[in-house]
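Worksheet: one structure, shown below.
The values are calculated or read from the model by the stated rules, or taken from the named source; none is laboratory data. Bear in mind that the values here come from a model prediction, so they are computed numbers and not experimental data. Please note: Cβ atoms are built from the backbone with ideal geometry, for glycine as well, and neighbour counts cover all protein chains shown.
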Amino acid sequence: CPTFFPLFFSFLLKPETAAVLKRTVEALMERGAVVRNLENLGERSLPYRISKHREHHRRGGYFLIDLEAPPSIVSPMMDHLGRDIDVIRPAFIKHPLSKTEECSGIVPANYEDKLTAKKK
C-alpha cells in the first residue's frame, strides 16, 4: 500500500544527512519497500522540544519518503529507526490509493471470434 514516511533528523551537516538517508532507504528496500520519491522539506524548528538519545532537540531536518511497502515492515522499521541516534522522530502515514480509471477509448479484441470466423 502507498505510504508516506516522514522523518525528522537532528540537525546534521550535509554528508552526515546523506549517510542517514542512505541507511534509511537501504533498510526500507531490504525489507521489501519500493521507494518512489525522497523529498527534503528543509531544516526548521520542531513543534516542541524533543528528547531523544539523551539529547534535547529544538530544530531538525524534515524529510518525506514516498514508498510502497507491505504493512508488516512498519514495526521492524520503527524498531530499527528507534535505535538510530540521528533520527529524532520517524512516522509512517498511509495515504489512500488513487483510483485508476479504465480507458474507454480502447475496445478489447475478441480473438476467439476472429479465429472461428469464416474468411470471406
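In region 46-72, the residues that are surrounded by 10 or more Cβ atoms within 10 Å (Cβ to Cβ) reach residues that are at pLDDT 80 or above and part of a helix (DSSP H, G or I) with C-beta atoms within less than 8 angstrom, at least six apart or across chains, in these pairs: Gly61/Thr17; Phe63/Leu21; Ile65/Thr24; Ile65/Val25; Ile65/Leu28; Leu67/Leu28; Ala69/Leu28.
Picking from His57, His53, His95, which residue would you name as being under 11 Å from the mean Cα position of the chain (by Cα) and at pLDDT below 80? Unique residue meeting the criteria: His95.
All conditions in (1) over 13 Å from the mean Cα position of the chain (by Cα); (2) under 23 Å from His95 (Cβ atoms) hold for Asn37, with the sole exception of (1).
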